[in-house]
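Everything on this sheet refers to the single structure shown next.
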Amino acid sequence: MTTLDGLRGAMNAAGVDALWVSDPANVRALSGFSSGEDGKVLVTPEGATLYTDARYTVQAQEEARVPVHIARPPETYRDAAARVKGQRVGFEAEHLTVAGLEALREHWDAQLVPTRGLVERVRLVKTPEEVQLIREAQALADRVFAEVRPNIQAGVRELDVALELEQGLRRAGAEVGFAVIVASGPRGAMPHGVASDRVIEDGELVTIDFGARLNGYHSDMTRTVAVGTPSEELRRVYNAVLEAEEAAVAAVRPGVKGGDLDALAREILNRHHLGEAFAHSLGHGVGLKIHEGPSLRAGSEDVLEPGMVVTVEPGAYLPGVGGVRIEDLVLVTEGGYEVLSRTPKERL
Ligand code: ZN
Ligand code: ZN
């Protein structure tokens, strides 16, 4: 989906003639090849080439939008060597292993330059086709949540809730995007409490964070639901997080900085004396990776643009008491925003 045109500008700015792409999501973005972990892309002034091995001859031919070269290392490096001779070749410093870099040094007569985030920068703004894939992934997750919600009851284990969500996603043709978080009662104080064998009890809040991966693209949503009637304190925390979440979503528009949205949500939680309890950043971009740019963390200078897809997910975590997180998946539009996650939020 990602065009090479956008990448050229980033490569020029980084002062490289060519780029050796090893990050699986970047390989997929540039080539269309869905087994990015078993491929590499070499971008040169002439164009891009996908390198993968003979296990993928048929798949690569079906999927790739760029020429494919089937080989295994070290033959891969030898073929690429001719294309990069004498050039400044960027590699992905945040992904390529030391061994991978040594192999390039051994085979290439080229100047190797560490780069950061070149393809990631192009991936920040989604094409209409990518937005559609994310929209479909989220719609599927919304349907699965609606099926499972009635079964989130006292006496049920967190694991069973997670299993039902996972089965629903798989049955609908998606992959499970990441380990499903089901954190009930006091476990709700753990922002990343993956489902355990704890039995949900009456009067508890349960935080559920899960996502589908469909055609490589992720969805991401969190809902905190009440089982029975939670205490006054839990409801107070829930409503404060909901207020912060809705205010931050409503402030999403082109031109706003990620850090400003984080500050807005944090300000509201501070007012409810929950600033300390909001232990993570407000949100992140979503696409081929579940966590990508732009960043909606404190101080982030990332500026929102139409076509970006971000999460807005404030939370409050109180050790020994419980926790709340509410997360929506939001598309930045020309006029502001569109919320892609449609699962209703409970009013407590
Ligand atoms: Zn999430
Ligand atoms: Zn998230």
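Per-structure values
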read-out	value
Pick from the range 301-348, criterion of a type in the set (Ser, Thr, Tyr) and within 26 Å of residue 238 (Cβ to Cβ), ranking: nearest to ligand 1 (Cβ to nearest atom)	311
Which numbered condition residue 121 fails, given (1) within 30 Å of residue 333 (Cβ to Cβ); (2) open to solvent by less than 80 Å² (accessible area, probe 1.4 Å); (3) not β-branched (Val, Ile, Thr)	(2)
Tally, over the range 207-223, of residues that are open to solvent by 30 Å² or more (accessible area, probe 1.4 Å) and farther than 19 Å from residue 146 by Cα	1
Residues of the range 244-264 satisfying the condition of being open to solvent by less than 10 Å² (accessible area, probe 1.4 Å) and either of a type in the set (Lys, Arg) or under 19 Å from residue 189 (Cβ atoms) (or both)	244, 245
Per-region count, the range 7-50, residues surrounded by fewer than 19 Cβ atoms within 10 Å (Cβ to Cβ), part of a helix (DSSP H, G or I) and more than 21 Å from the chain's Cα centre (by Cα)	6
Yes/no for residue 240 being open to solvent by less than 10 Å² (accessible area, probe 1.4 Å) and within 14 Å of ligand 2 (Cβ to nearest atom)	no
Strands (runs of 3 or more DSSP E) enclosed by the range 66-135 - at least 3 residues per element that are in contact with a strand residue (DSSP E or B) (Cβ under 7 Å, 6 or more places away or on another chain) and closer than 26 Å to residue 13 by Cα	88-92, 111-115
Residues of the range 164-206 that turn out to be open to solvent by 10 Å² or more (accessible area, probe 1.4 Å), within 13 Å of ligand 1 (Cβ to nearest atom) and in contact (Cβ under 8 Å) with a residue 60 or more places away in the chain, as a count	3
Matching residues, the range 298-330, being in contact with a Leu (Cβ under 7 Å, 6 or more places away or on another chain) and more than 15 Å from ligand 2 (Cβ to nearest atom)	316, 322
Residue among 267, 276, 243, 204 that alone is of a type outside the set (S, T, N, Q) and within 15 Å of residue 322 (Cβ to Cβ)	204
Options 291, 280: the member that is within 16 Å of ligand 2 (Cβ to nearest atom), touching a residue at least 60 places away in the same chain (Cβ under 8 Å) and open to solvent by 10 Å² or more (accessible area, probe 1.4 Å)	280
Selection within the range 224-235 - in a strand (DSSP E or B) and open to solvent by 10 Å² or more (accessible area, probe 1.4 Å)	226
Near pairs, Cβ below 6 angstrom, 6+ apart or cross-chain, from the range 296-322 (part of a strand (DSSP E or B)) to any residue that is within 16 Å of ligand 1 (Cβ to nearest atom) and basic (Lys, Arg)	315/325
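The values are calculated or read from the model by the stated rules, or taken from the named source; none is laboratory data. Keep in mind that what you see is a predicted model, and the values were worked out from it rather than measured. Please note: Cβ atoms are built from the backbone with ideal geometry, for glycine as well, and neighbour counts cover all protein chains shown. What goes into the accessible areas is simple: the full protein's heavy atoms, side chains included, and nothing from ligands, DNA or RNA. Shrake-Rupley method; radii C 1.70, N 1.55, O 1.52, S 1.80 Å.
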